[in-house]
Amino acid sequence: MTLAFDDRSERRLLWRNRLATWTPRLVLLPTLIASVVYVLVFTLWTFWISLSNSTLLPDLSYGGIKHYVALWNHARWHVAYTNLFLFGALYVTGSLVLGTVLAILIDQRIRAEALWRTIYLYPLAISFVVTGTAWRWILEPTTGIQQMLRNLGWESATFDWIIDRDMAIYCVVLAGMWQASGFAMALILAGLRSVDQDLVKAAQIDGASMARIYRKVLLPAIRPIFLAVLVILLQFAIKTFDLVAALTGGGPGLATNVPAIYVYDLMFQRGQIGQGAAAAIMILLALAVVLVPYALYTIWRQRREAAHG
Amino acid sequence: MADATLVRDFDPLATGSAARRVRSKALVYALLTLFAAFYLLPIGIVLLNSFRELPDIARTGFFAVPETLTLQPWREALTSFCLAGACEGIRPFYLNSILMAVPATIISTAFGLLNGYILSMWRFRGSEWVFGFVTLGVFLPAQMTLLPWAYVLGNAGLTNTIWGLILIHTVQGLAFTTLFCRNYFVNIPDDLIKAARIDGAGFWRIFRKIVLPLSPPIVIVTVIWQFTGIWNDFLYGVVFSSGDRQPITSALIALTAGATSVRHHNVEAAATILAAIPPLLIYLFGGKYFVRGLTQGAVK
C-alpha cells in the first residue's frame with residue numbers, strides 16, 4: 001500500500017520535473033514562431049516576389065531579375081537613392097554636430113539642467129507626422145517664414161525652399177535634424193559623463209584650457225558612442241518615410257523622393273509589387289551595409305576587451 | 001552606460017579670471033536659449049495657431065500676433081470637423097489609435113517579460129540563438145514586411161481592422177520587448193533564482209514572486225517605448241487601414257495634406273497638437289525612463 005503510494009508520488013514528481021523543463025520552451029514557442037515567420041519567412045517571401053513575375057497581383061512564377069533591372073533603369077529610383085545619400089550625409093552629420101554642441105553646453109554645470117535637456121529631447125517623442133506637418137507650415141511660403149518677412153515690411157522677401165526642386169531636400173534635412181539632434185545629445189552627454197574624471201583633472205592641472213580638454217580628452221574618449229549614434233542615425237535615414245510623407249509628400253514633383261517612399265508608391269499606388277519588393281530588398285541591403293560591419297566591429301571589440309581583462 | 005543625471009564634480013568654466021568666467025557663463029546661457037527657441041518654435045507656432053480665427057491666419061500666415069483668440073478650432077477638431085466620411089472631428093481616429101496602441105503594448109510587453117525571463121534564467125541549449133534570432137526583428141525594415149502582411153491580413157480577414165494593426169504591432173514589438181527585458185533580467189543575480197529553485201519553487205512561482213516584483217523599471221521603459229512607437233507609427237496605418245478605421249497619424253495626413261480647396265489651418269493645428277499630446281505627456285512624466293529606453297534600445 002505504502003509502496004504503491006510512493007510509486008505514484010514519484011511518478012508525479014517525475015512529471016513535474018519534465019513539465020518544469022518544458023514550460024520555458026513552451027512559453028517561448030509563440031514568440032519563436034512569430035519571429036521565424038516575421039524575420040525569415042517574410043524576408044524570403046519579399047525576396048521571392050522581387051524575383052517573380054508579379055506586377056499588380058502576386059504571381060509566384062520565377063521571372064528572373066527583371067524587376068531589379070527595371071528598378072535601376074528608372075530615373076525615379078536614381079532620384080530616390082541620390083536623395084538618400086544627400087539627406088543621410090547631411091542629416092547624420094548635422095544631428096551629430098548639433099547634438100555634440102548641445103551636450104557640451106549642457107555639460108557646463110548649468111542651472112535647471114533637466115529643463116534644458118527636456119526641451120532639446122522632446123521632438124523625439126512626437127511623431128514624424130506631427131514634425132513634418134509643423135515644419136511644412138513653417139516652410140511653406142504662404143503660411144510660414146516668407147509671409148512673416150513680408151508682414152514685417154520686406155515685400156520682396158522669398159523663402160520657398162519647400163516648393164523649389166533643388167532646395168526641398170534641405171527642408172527634409174532641417175526637420176530631420178530638429179527631431180534627431182536631441183537624441184544625439186542625450187547619448188553624447190551620457191558618454192561625456194561616463195569618462196573618468198581623473199583624466200580631466202590631470203589635464204586641468206597641466207594647464208589645458210577647457211576647449212582643449214574637450215577636443216583632446218573628452219570627445220576622443222567617447223568615440224564608440226559617436227559611432228553608435230552614427231549607425232543609429234544612418235538606420236533612421238535609410239528607413240525615412242513618415243517625415244517625407246508629411247513634409248513634402250515626396251515633392252515638389254519627384255524632388256524629395258526617398259527609397260522608402262518609392263517602395264510604398266510602387267507597391268500600393270502603382271500596382272508594381274514585384275518592383276516594389278526589389279526596392280525593399282535594396283533598403284534591406286543598405287541597412288546590412290551599415291549594420292553588419294558595425295556588429296562585427298562590436299563583437300571584435302568585446303572579444304578584445306574580454307581578452308585584455 | 002552612466003545616467004545622464006550625473007553631475008560633474010568640477011565646473012568646466014571655473015578657469016580664468018572672474019570677468020572671463022561671467023562672460024563664458026553668459027555665452028553658454030545665450031546659446032542654450034537660442035537652441036531652446038529653435039526646438040520650441042514649431043510646436044509653439046502650431047499651438048498658437050490652433051487658437052486663431054481662420055481669416056486671420058489666411059491674411060497673415062502662421063507667424064503673426066493673433067487678433068483674437070478662440071476655442072472654436074479645438075471644438076471643431078474634437079467634435080464636428082468632417083474627415084474621411086465622418087463628421088465627428090478626429091475623435092474616431094483618436095479612439096482607433098488608443099484601441100490599437102493599448103492592447104498591442106500590453107500583449108507585446110507581457111510576452112517580452114516572459115521571454116526575457118526565460119532567455120536569462122531558464123536558458124537551454126540553443127536559447128542564445130533564439131535570442132539572437134528574435135532580436136533580428138529590431139532591424140528588419142517595415143518595407144520588407146508589407147506584402148507578406150497584406151497577404152496574412154487578407155487571409156485572416158483582418159484587412160482594414162484594428163485587430164490587424166494590433167497583430168502587426170504586437171509581432172513587430174516582440175523583438176524590442178524581448179531585447180529590453182532579457183538585457184534587464186540578465187543582471188539579476190543567479191543565486192536568487194537558484195535558492196528559489198532549491199526551495200522547490202517552479203517556473204511560474206519564481207516569475208510571480210521574484211521576477212515580477214523586480215520588473216517595474218523595465219516594464220515602464222518597455223511600455224513607454226512600445227506605446228509611443230505604436231501611437232506614432234504612420235506606415236502600417238496608411239497601408240493597412242482606410243476611411244474611419246485609420247489611426248490618428250494617417251488621418252492627420254489626410255486632414256492636413258489632403259486635396260481640399262479650402263484649408264482649415266486652425267482646426268488642422270488643433271488636431272496636430274492633439275495627436276502629439278499622448279506621447280508628449282508620457283515623455284514629460286516618464287522622461288527618465290524614456291531616455292533609458294532610448295539608450296538601451298539604441299546602444300545594445
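The values are calculated or read from the model by the stated rules, or taken from the named source; none is laboratory data. Since the model is a prediction, treat every value here as computed from it, not as a measurement. Here the Cβ is made from the backbone with ideal geometry for all residues, glycine too, and neighbour counts use every protein chain on show. SASA here: full protein model, heavy atoms, side chains in, ligands and nucleic acids out. Shrake-Rupley method; radii C 1.70, N 1.55, O 1.52, S 1.80 Å.
Would a scan of region A:194-211 turn up a residue that is touching a residue at least 40 places away in the same chain (Cβ under 8 Å) and either out of contact with any Gly (no Cβ under 8 Å at 6 or more places or on another chain) or not in a helix (DSSP H, G or I) (or both)?
Checked region A:194-211: no residue is touching a residue at least 40 places away in the same chain (Cβ under 8 Å) and either out of contact with any Gly (no Cβ under 8 Å at 6 or more places or on another chain) or not in a helix (DSSP H, G or I) (or both).
Closer than 25 Å to residue A:136 by Cβ, facing chain A (nearest Cβ under 10 Å), part of a helix (DSSP H, G or I) and at pLDDT below 95 - does that describe any residue in region B:59-68?
The answer is yes; a qualifying residue exists.
Go through A:283, A:261 for me and flag whichever is at the interface with chain B (Cβ under 9 Å from one of its Cβ atoms) and closer than 12 Å to residue B:143 by Cα.
Sole residue among the options that is at the interface with chain B (Cβ under 9 Å from one of its Cβ atoms) and closer than 12 Å to residue B:143 by Cα: A:283.
Determine whether region B:212-235 contains at least one residue that is farther than 26 Å from residue B:138 by Cβ and open to solvent by 30 Å² or more (accessible area, probe 1.4 Å).
yes
All but one of (1) on the phi < 0 side of the Ramachandran plot; (2) more than 12 Å from chain A (Cβ to nearest Cβ) hold for residue B:243; which doesn't?
The single condition residue B:243 does not satisfy is (1).
Could you check region A:44-67 and list, in sequence order, the residues that are open to solvent by 30 Å² or more (accessible area, probe 1.4 Å), assigned to a helix (DSSP H, G or I) and either of a type in the set (Val, Ile, Thr) or more than 14 Å from chain B (Cβ to nearest Cβ) (or both)? If you could, list the steps in order and put the result at the bottom.
Let us first name the residues in region A:44-67 that are open to solvent by 30 Å² or more (accessible area, probe 1.4 Å), namely A:44-45, A:47-48, A:53, A:55-62, A:65-66.
Those still in the list that are assigned to a helix (DSSP H, G or I) too: A:44-45, A:47-48, A:66.
If the condition is that a residue be open to solvent by 30 Å² or more (accessible area, probe 1.4 Å), assigned to a helix (DSSP H, G or I) and either of a type in the set (Val, Ile, Thr) or more than 14 Å from chain B (Cβ to nearest Cβ) (or both), then A:66 is the only one that fits.
Specify the residue that is most open to solvent (accessible area, probe 1.4 Å); the eligible residues are those in region A:163-182 that are in contact with a Pro (Cβ under 8 Å, 6 or more places away or on another chain) and closer than 18 Å to residue A:257 by Cβ.
The qualifying residue most open to solvent (accessible area, probe 1.4 Å) is A:165.
Would you point out the residue of region A:98-113, among those that are within 25 Å of the chain's Cα centre (by Cα) and more than 7 Å from chain B (Cβ to nearest Cβ), that is most open to solvent (accessible area, probe 1.4 Å)?
It comes out as A:101.
Out of region B:69-90, which residues are touching a Leu at 6+ places or on another chain (Cβ under 7 Å), at pLDDT 85 or above and among the hydrophobic types (A, V, I, L, M, F, W, C)?
B:77, B:90
Mind listing just one residue for me: the one in region B:263-293 that is under 23 Å from residue A:113 (Cα atoms), without any contact (Cβ under 8 Å) to a residue 12 or more places away in the chain and of a type in the set (A, V, I, L, M, F, W, C) and, of those, farthest from the other protein chains (Cβ to nearest Cβ)?
Out of the qualifying residues, it is B:285.
Within region B:153-161, does at least one residue satisfy the condition of being open to solvent by 50 Å² or more (accessible area, probe 1.4 Å) and within 10 Å of another protein chain (Cβ to nearest Cβ)? Walk me through how you get there before you give the answer.
Looking only at region B:153-161, we keep the residues that are open to solvent by 50 Å² or more (accessible area, probe 1.4 Å), and these are B:155-157, B:159.
Subset that is within 10 Å of another protein chain (Cβ to nearest Cβ): none.
Scanning region B:153-161, I find no residue that is open to solvent by 50 Å² or more (accessible area, probe 1.4 Å) and within 10 Å of another protein chain (Cβ to nearest Cβ), so the answer is no.
Being open to solvent by 30 Å² or more (accessible area, probe 1.4 Å) and more than 30 Å from residue A:208 (Cβ to Cβ) is true for just one of B:34, B:83, B:69. Which residue is that?
From the options B:34, B:83, B:69, the qualifying one is B:69.
Out of region A:242-280, which residues are touching a residue at least 40 places away in the same chain (Cβ under 8 Å) and outside any helix (DSSP H, G or I)?
A:248, A:251, A:252, A:253, A:254, A:255, A:256, A:257, A:258, A:271, A:272
Mind checking whether some residue in region A:136-152 is closer than 30 Å to residue B:293 by Cα and either more than 7 Å from chain B (Cβ to nearest Cβ) or among the acidic types (Asp, Glu) (or both)? Explain how you work it out, then say what you get.
First, the residues of region A:136-152 that are closer than 30 Å to residue B:293 by Cα: A:136.
With either more than 7 Å from chain B (Cβ to nearest Cβ) or among the acidic types (Asp, Glu) (or both) added as a condition, the list becomes A:136.
Yes, region A:136-152 has at least one match.
Can you find, within region B:236-262, the residue that is surrounded by the fewest Cβ atoms within 10 Å (Cβ to Cβ) among those that are outside any helix (DSSP H, G or I) and in contact (Cβ under 8 Å) with a residue 60 or more places away in the chain? Reasoning before the result, please.
Restricting attention to region B:236-262, the residues satisfying the condition of being outside any helix (DSSP H, G or I) are B:241-242, B:246-247, B:258-262.
Narrowing the set further to residues that are in contact (Cβ under 8 Å) with a residue 60 or more places away in the chain leaves B:241-242, B:246-247.
Values: B:241: 22, B:242: 15, B:246: 24, B:247: 29.
Here the answer is B:242.
Inspect region A:291-302 for any residue being out of contact with any Gly (no Cβ under 8 Å at 6 or more places or on another chain) and open to solvent by less than 10 Å² (accessible area, probe 1.4 Å) and give the result as yes or no.
no
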